[in-house]
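Peer 1: Before I ask anything, let me first share the structure, which is written out below as structure tokens.
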Amino acid sequence: MSLDERLFSYRAVRADGVAVRDVVRAPDRVAAARRLAANDLVVVELKDAEGQAFGRAARITDAERVTILRQLAVMTRAGVDLLEAIETIATGIAPRPASDRLRDVAAALRRGDPLARAFSEHLHGYPVYVYALIRAGEASGRLPGVLAEAADQVAFEEQVRRDLAGALTYPAFLTCAGFGAVSFLLGVVAPRFAAMVGDLSRIDAFPSLILRSGLFVRDNALVVAAVIAVIATALWRAAQTPAVRARLLDALRSVPGARDVLAARARMGWARVMGLALGAGLPVLEASALARGSVADDARFSRALAGAEAALRAGRPVEAAFAQDHALAPIDASLVRAGAKSGALPAMFALIATQHESNLRVALKRTTVIVEQVAIALVASAVGAIVIGLVTALTGIYETIG
């Protein structure tokens, strides 16, 4: 969409009398109406939807996305017509936003669009490989199985994200509790010690700094709280942008514990998508390109996979292509070699994914322990430094009096 175009939602009637509902991009409302009329559509309703269509898709929950795929897999496997299945699921989800998007998918199917295109245009939020797998499933006649496997993979990735978030919950709690303790010591306890000391110039530099910091925090509590809130909000928003997130991940890959977690997660996800794509009937080269897209945030691994694809295009065997440039570990490459010889590549890639899932859980547990210890050490150091400063201040006063 060009910068001078906006998004409009519409309801219209086709020349054959079928009602449709969709979105159109145009510079203004008049241009949108003209584009619809040029497609032989009689407009019933046309309204500004800038950000609305994609916003509705973004509000679809992860659980709903998985449910849509799983229910669609069950219905199509049972022989239910695809359009009927979509409408049935939309009715069951109502009145959630997902219901509106599913009805948009149904309208696209009535126009003759394939399911993969209808999903990509109206059900945003799925990983890119899901749309490609659906396209491959439609072409190969394996759509029900592909939908079920895609649902399992999306659910698995969400579970991995929850596991990662859960592993960081306790260290985050420790950090917040430590911040609260430090704030209490500086804002409440330190000013009382400062009142007891009186002239801060009579004590050493370090305890004087602690007491002056406490007085500053007490006298400017609202300003300090506002600055902290602004900084936290800015950091949170920055972390949501792809560029900043990519830099953060690159930085974490240089940290020993985090590096192991991220490497295992990338290889696990890549192998799973490879197995799904090959099982859906995609050729190895196309499956590799699709799976590589799922690990685009790991630049080093992605470059190695790109080199493997170049070797595949040059005619090298699949096991040799993925073994070069250390794209895969030796044990993974041996499994690929066995799968290529036995004709069971999808199963071997699934096995590789399972092994890296085990590695991920071990690395995650080990890293969580390290992070917890670091958080405890930082909190204890901050609290201890303040307490030492307070005690030193009183000791200095007693020595002066003595």
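Peer 1: Is there a quick way to get the dipole size of segment 104-209? I mean about its Cα centre, with the Cβ of Lys and Arg at +1 and of Asp and Glu at -1; what is the value in debye to the nearest 20?
Peer 2: About 140 debye.
Peer 1: Give, as a single signed number, the net charge of other residues whose beta carbon lies under 14 Å from the beta carbon of ALA289, with Lys and Arg counted +1 and Asp and Glu -1.
Peer 2: With Lys, Arg at +1 and Asp, Glu at -1, the neighbours total +2.
Peer 1: Something else now. Can you compute the charge dipole magnitude of the chain about its Cα centre, using +1 on each Lys and Arg Cβ and -1 on each Asp and Glu Cβ, nothing else charged? Give it in debye, rounded to the nearest 20.
Peer 2: Computed about the Cα centre, the dipole is about 220 debye.
Peer 1: In addition: Just grab the label-to-label distance for ARG162 and ARG35, each label 7 Å out from Cα along the Cβ direction, in nm (one decimal).
Peer 2: 4.0
Peer 1: Quick check: the angle from helix 143-184's long axis to the longest principal axis of the chain, C-alpha only, nearest 10 degrees?
Peer 2: The two axes meet at around 10 degrees.
Peer 1: While we're on this one: Run the simple label-point estimate for ALA195 and ILE228 please: 7 Å along Cα→C-beta, distance reported in nm.
Peer 2: Inter-label distance under the simple model: 2.2 nm.
Peer 1: Less than 12 Å Cβ to Cβ from LEU82, Lys/Arg counted +1 and Asp/Glu -1: what total charge do the surrounding residues give?
Peer 2: Summing Lys/Arg as +1 and Asp/Glu as -1 gives -3.
Peer 1: Turning to a different aspect of this structure: Determine the relative contact order of segment 185-233: mean sequence separation of Cα pairs under 8 Å and six or more apart, normalised by residue count, in whole percent.
Peer 2: 47 percent.
Peer 1: Then there is this: Roughly what angle does helix 242-252 make with the longest principal axis of the chain, taking Cα atoms, 0 to 90 degrees, to the nearest 10?
Peer 2: 60
Peer 1: Relative to the longest principal axis of the C-alpha atoms of the chain, give the angle of the C-alpha long axis of helix 345-401, reported between 0 and 90° and rounded to the nearest 10°.
Peer 2: 20
Peer 1: If you average the sequence gap of Cα pairs under 8 Å that are 6 or more apart and divide by the length of segment 53-126, what percent do you get for the contact order?
Peer 2: This gives 35 percent for segment 53-126.
Peer 1: Based on alpha-carbon positions alone, could you give the equivalent ellipsoid semi-axes of segment 127-402 from the gyration tensor, as √(5λ), descending, whole Å?
Peer 2: 56, 18, 15
Peer 1: For Cα pairs less than 8 Å apart in space and 6+ apart in sequence, what is the mean separation divided by the residue count of segment 71-200, i.e. the relative contact order in percent?
Peer 2: 19
Peer 1: Same structure, new question: Going highest first, how would you order 207-213, 220-226 by mean Cβ packing within 10 Å?
Peer 2: 207-213, 220-226
Peer 1: Per-residue counts of other Cβ atoms within 10 Å, averaged by peptide: what ranking do you get for 150-157, 304-311, highest first?
Peer 2: So the peptides 150-157, 304-311, ranked by packing, come out 150-157, 304-311.
Peer 1: For ASP22, what residues show an amide H to amide H distance below 5 Å, using hydrogens built from the backbone and excluding near sequence neighbours?
Peer 2: TYR10
Readers should treat all values here as calculations from the given coordinates under stated rules, not as data from a laboratory. Source: prediction; values computed, not measured. Cβ coordinates were reconstructed from backbone atoms using ideal geometry, including for glycine residues, and neighbour counts include every protein chain displayed.
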